[in-house]
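A quick write-up on the structure given underneath.
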Amino acid sequence: MQNNVASRNRAVMCSALMRPHLDSCVQFWASQFMHDIEVLEAVQRRVASFQGVAVRSLSTSSPHDHPEHGRLVYKGNLAKAVLGVKFFSYSTSIFNLFMMPYIMLKSGIGVESLLVQATFYGLIGIFTFVTPITLHILTKGYVIRLYYKDEVDTYTAITYNAILAEKATVFHQKDVKIPDITKMFTTFYAKTKSMLVNPTLFPNPQDYNHLMGYDKSSFFKLEDLAEVKEADERK
(Lines give C-alpha, C1' and ligand atoms only; values in the text may rest on other atoms or scores of the structure.)
Protein backbone atom coordinates (compact mmCIF):
# COMPACT_ATOMS: atom_id res chain seq x y z
CA MET A 1 0.00 0.00 0.00
CA GLN A 2 2.82 2.40 0.93
CA ASN A 3 4.63 1.78 -2.36
CA ASN A 4 1.49 2.24 -4.44
CA VAL A 5 0.79 5.75 -3.14
CA ALA A 6 4.37 6.99 -3.17
CA SER A 7 3.76 9.65 -5.81
CA ARG A 8 0.97 12.16 -6.24
CA ASN A 9 -0.10 10.78 -9.60
CA ARG A 10 -0.39 7.31 -8.22
CA ALA A 11 -2.39 8.63 -5.30
CA VAL A 12 -4.87 10.35 -7.58
CA MET A 13 -5.22 7.26 -9.75
CA CYS A 14 -5.63 5.11 -6.67
CA SER A 15 -8.27 7.46 -5.29
CA ALA A 16 -10.20 7.41 -8.54
CA LEU A 17 -10.23 3.64 -8.58
CA MET A 18 -10.85 3.05 -4.88
CA ARG A 19 -13.32 5.82 -4.00
CA PRO A 20 -16.40 4.31 -5.73
CA HIS A 21 -15.81 0.96 -4.01
CA LEU A 22 -14.72 2.26 -0.66
CA ASP A 23 -18.13 2.38 1.00
CA SER A 24 -19.04 -1.15 -0.05
CA CYS A 25 -15.64 -2.71 0.62
CA VAL A 26 -14.62 -1.04 3.85
CA GLN A 27 -16.23 -3.74 5.98
CA PHE A 28 -14.00 -6.37 4.31
CA TRP A 29 -10.79 -4.45 4.87
CA ALA A 30 -9.13 -4.04 8.24
CA SER A 31 -5.65 -2.58 8.13
CA GLN A 32 -3.18 -3.48 10.85
CA PHE A 33 -1.02 -0.40 10.24
CA MET A 34 -2.04 3.14 11.22
CA HIS A 35 0.14 4.63 8.48
CA ASP A 36 -1.83 2.81 5.79
CA ILE A 37 -5.08 4.13 7.23
CA GLU A 38 -3.75 7.70 7.27
CA VAL A 39 -2.57 7.46 3.67
CA LEU A 40 -5.93 6.12 2.54
CA GLU A 41 -7.80 8.86 4.41
CA ALA A 42 -5.54 11.50 2.84
CA VAL A 43 -6.40 10.16 -0.61
CA GLN A 44 -10.08 10.28 0.27
CA ARG A 45 -9.81 13.89 1.40
CA ARG A 46 -8.09 14.92 -1.83
CA VAL A 47 -10.77 13.25 -3.94
CA ALA A 48 -13.56 14.84 -1.89
CA SER A 49 -11.90 18.26 -2.19
CA PHE A 50 -11.56 17.89 -5.97
CA GLN A 51 -15.18 16.84 -6.30
CA GLY A 52 -16.34 19.81 -4.23
CA VAL A 53 -14.41 22.27 -6.39
CA ALA A 54 -15.83 20.73 -9.56
CA VAL A 55 -19.39 20.92 -8.28
CA ARG A 56 -18.98 24.55 -7.20
CA SER A 57 -17.50 25.54 -10.55
CA LEU A 58 -20.37 23.91 -12.42
CA SER A 59 -22.98 25.55 -10.22
CA THR A 60 -21.52 29.08 -10.38
CA SER A 61 -20.65 29.21 -14.08
CA SER A 62 -22.84 28.64 -17.07
CA PRO A 63 -22.20 28.69 -20.83
CA HIS A 64 -25.31 30.87 -21.14
CA ASP A 65 -23.93 33.67 -18.96
CA HIS A 66 -22.53 36.80 -20.60
CA PRO A 67 -19.99 38.94 -18.71
CA GLU A 68 -21.61 42.17 -19.90
CA HIS A 69 -25.24 41.37 -20.67
CA GLY A 70 -26.00 38.94 -17.84
CA ARG A 71 -28.00 35.73 -17.80
CA LEU A 72 -29.44 34.23 -21.00
CA VAL A 73 -33.20 33.89 -20.52
CA TYR A 74 -34.36 33.44 -24.13
CA LYS A 75 -33.04 32.14 -27.42
CA GLY A 76 -35.03 32.37 -30.65
CA ASN A 77 -35.26 29.22 -32.72
CA LEU A 78 -35.60 31.06 -36.05
CA ALA A 79 -32.36 33.06 -35.82
CA LYS A 80 -30.54 31.03 -38.47
CA ALA A 81 -33.60 31.00 -40.74
CA VAL A 82 -34.00 34.78 -40.52
CA LEU A 83 -30.30 35.32 -41.21
CA GLY A 84 -30.37 32.89 -44.15
CA VAL A 85 -33.45 34.42 -45.78
CA LYS A 86 -32.12 37.96 -45.45
CA PHE A 87 -28.72 36.96 -46.80
CA PHE A 88 -30.32 35.20 -49.77
CA SER A 89 -32.51 38.24 -50.49
CA TYR A 90 -29.57 40.62 -50.30
CA SER A 91 -27.36 38.45 -52.50
CA THR A 92 -30.01 38.00 -55.19
CA SER A 93 -30.72 41.74 -55.21
CA ILE A 94 -27.03 42.55 -55.68
CA PHE A 95 -26.77 39.92 -58.40
CA ASN A 96 -29.75 41.42 -60.24
CA LEU A 97 -28.23 44.89 -60.13
CA PHE A 98 -25.01 43.65 -61.69
CA MET A 99 -26.77 41.54 -64.32
CA MET A 100 -29.27 44.13 -65.53
CA PRO A 101 -26.85 46.07 -67.80
CA TYR A 102 -25.69 42.82 -69.38
CA ILE A 103 -29.27 41.71 -69.98
CA MET A 104 -30.13 45.09 -71.46
CA LEU A 105 -27.22 44.95 -73.89
CA LYS A 106 -27.85 41.37 -74.98
CA SER A 107 -31.61 41.72 -75.36
CA GLY A 108 -31.55 45.17 -76.90
CA ILE A 109 -34.39 46.40 -74.68
CA GLY A 110 -34.76 50.14 -74.78
CA VAL A 111 -31.70 50.81 -76.92
CA GLU A 112 -33.52 53.45 -78.91
CA SER A 113 -35.76 54.78 -76.13
CA LEU A 114 -34.63 56.31 -72.85
CA LEU A 115 -38.20 56.10 -71.56
CA VAL A 116 -38.28 52.33 -71.99
CA GLN A 117 -34.90 52.04 -70.29
CA ALA A 118 -36.02 54.17 -67.35
CA THR A 119 -39.24 52.17 -66.99
CA PHE A 120 -37.43 48.85 -67.15
CA TYR A 121 -34.77 49.89 -64.64
CA GLY A 122 -37.43 51.35 -62.38
CA LEU A 123 -39.43 48.11 -62.27
CA ILE A 124 -36.34 46.00 -61.71
CA GLY A 125 -35.14 48.40 -59.04
CA ILE A 126 -38.47 48.25 -57.22
CA PHE A 127 -38.49 44.46 -57.08
CA THR A 128 -34.77 44.39 -56.25
CA PHE A 129 -35.01 46.73 -53.26
CA VAL A 130 -38.56 46.15 -52.05
CA THR A 131 -38.00 42.53 -51.02
CA PRO A 132 -34.93 43.05 -48.79
CA ILE A 133 -36.34 46.24 -47.29
CA THR A 134 -39.63 44.53 -46.50
CA LEU A 135 -37.82 41.57 -44.94
CA HIS A 136 -35.74 43.89 -42.78
CA ILE A 137 -38.80 45.80 -41.58
CA LEU A 138 -40.60 42.59 -40.68
CA THR A 139 -37.65 40.89 -38.95
CA LYS A 140 -35.68 43.78 -37.45
CA GLY A 141 -37.41 43.25 -34.11
CA TYR A 142 -36.95 39.48 -34.00
CA VAL A 143 -35.00 38.73 -30.81
CA ILE A 144 -32.39 36.03 -31.36
CA ARG A 145 -31.14 36.18 -27.74
CA LEU A 146 -32.33 37.95 -24.62
CA TYR A 147 -30.16 38.50 -21.55
CA TYR A 148 -31.22 39.68 -18.12
CA LYS A 149 -29.29 41.32 -15.28
CA ASP A 150 -31.01 40.62 -12.00
CA GLU A 151 -29.14 43.19 -9.95
CA VAL A 152 -30.17 46.16 -12.13
CA ASP A 153 -33.36 44.68 -13.65
CA THR A 154 -32.25 45.38 -17.23
CA TYR A 155 -32.52 43.37 -20.42
CA THR A 156 -30.28 43.17 -23.48
CA ALA A 157 -32.02 42.08 -26.68
CA ILE A 158 -29.84 40.86 -29.54
CA THR A 159 -31.31 41.42 -33.03
CA TYR A 160 -30.02 41.66 -36.61
CA ASN A 161 -29.51 45.09 -38.17
CA ALA A 162 -29.74 46.03 -41.84
CA ILE A 163 -26.24 44.70 -42.63
CA LEU A 164 -26.89 41.34 -40.91
CA ALA A 165 -24.74 42.18 -37.90
CA GLU A 166 -25.89 41.59 -34.33
CA LYS A 167 -27.26 44.65 -32.57
CA ALA A 168 -27.67 44.95 -28.79
CA THR A 169 -30.58 46.93 -27.34
CA VAL A 170 -30.48 47.57 -23.60
CA PHE A 171 -33.69 48.46 -21.79
CA HIS A 172 -35.19 48.40 -18.32
CA GLN A 173 -38.20 46.33 -17.39
CA LYS A 174 -40.19 49.52 -16.81
CA ASP A 175 -39.51 50.47 -20.45
CA VAL A 176 -41.52 47.46 -21.67
CA LYS A 177 -44.88 48.39 -23.14
CA ILE A 178 -47.46 45.84 -24.26
CA PRO A 179 -49.42 46.87 -27.37
CA ASP A 180 -53.12 47.43 -26.84
CA ILE A 181 -53.91 45.51 -30.02
CA THR A 182 -52.23 42.19 -30.80
CA LYS A 183 -49.76 42.58 -33.66
CA MET A 184 -48.28 39.83 -35.78
CA PHE A 185 -44.63 40.92 -35.56
CA THR A 186 -44.65 42.66 -32.17
CA THR A 187 -44.81 41.05 -28.74
CA PHE A 188 -43.82 44.15 -26.79
CA TYR A 189 -42.17 47.53 -27.18
CA ALA A 190 -38.82 48.30 -25.55
CA LYS A 191 -39.21 52.06 -25.26
CA THR A 192 -40.23 52.73 -28.90
CA LYS A 193 -38.66 49.70 -30.59
CA SER A 194 -40.86 46.71 -31.35
CA MET A 195 -39.63 43.30 -30.21
CA LEU A 196 -40.79 39.85 -31.23
CA VAL A 197 -40.33 36.82 -28.96
CA ASN A 198 -41.97 33.43 -28.63
CA PRO A 199 -43.28 32.99 -25.07
CA THR A 200 -43.03 29.19 -25.29
CA LEU A 201 -39.24 29.37 -25.82
CA PHE A 202 -38.51 30.80 -22.38
CA PRO A 203 -37.03 27.94 -20.32
CA ASN A 204 -38.34 29.59 -17.17
CA PRO A 205 -41.88 31.00 -17.57
CA GLN A 206 -41.20 33.37 -14.68
CA ASP A 207 -38.64 35.19 -16.85
CA TYR A 208 -41.31 35.88 -19.45
CA ASN A 209 -43.81 36.98 -16.81
CA HIS A 210 -41.30 39.40 -15.34
CA LEU A 211 -40.35 40.73 -18.76
CA MET A 212 -43.97 41.49 -19.60
CA GLY A 213 -44.74 42.75 -16.12
CA TYR A 214 -47.33 40.06 -15.44
CA ASP A 215 -45.80 39.31 -12.05
CA LYS A 216 -46.52 42.90 -11.01
CA SER A 217 -49.94 43.38 -12.58
CA SER A 218 -51.68 40.97 -10.21
CA PHE A 219 -50.05 42.68 -7.25
CA PHE A 220 -51.28 46.07 -8.42
CA LYS A 221 -54.75 44.71 -8.99
CA LEU A 222 -54.93 43.45 -5.42
CA GLU A 223 -53.82 46.85 -4.20
CA ASP A 224 -56.42 48.56 -6.36
CA LEU A 225 -59.14 46.28 -5.03
CA ALA A 226 -58.04 46.98 -1.46
CA GLU A 227 -58.13 50.71 -2.09
CA VAL A 228 -61.59 50.50 -3.63
CA LYS A 229 -62.82 48.43 -0.69
CA GLU A 230 -61.43 50.94 1.80
CA ALA A 231 -63.08 53.80 -0.11
CA ASP A 232 -66.41 52.01 -0.05
CA GLU A 233 -66.13 51.40 3.68
CA ARG A 234 -65.39 55.05 4.32
CA LYS A 235 -68.50 56.08 2.38
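Taking all protein chains together and a 1.4 Å probe, the residues 65, 215 rank 65, 215 from largest to smallest accessible area.
Subtracting the Cα-Cα distance of residue 130 and residue 180 from their residue separation scaled by 0.36 nm leaves 15.1 nm.
Could you tell me which of the pairs 140/191; 149/216; 86/177 are separated by over 24 angstrom between their Cα atoms in the structure shown?
Exceeds cut-off: 86/177.
Taking 0.36 nm per residue of separation and subtracting the current Cα-Cα distance, fully stretching the chain between residue 118 and residue 166 would add 13.6 nm.
Within region 129-206, DSSP assigns beta bridges of which about 95% are antiparallel (rounded to the nearest 5).
The values are calculated or read from the model by the stated rules, or taken from the named source; none is laboratory data. Remember, it's a predicted structure, so these values are computed and weren't measured experimentally. Protein only, heavy atoms only, side chains kept; ligands, DNA and RNA dropped before computing areas. Shrake-Rupley method; radii C 1.70, N 1.55, O 1.52, S 1.80 Å.
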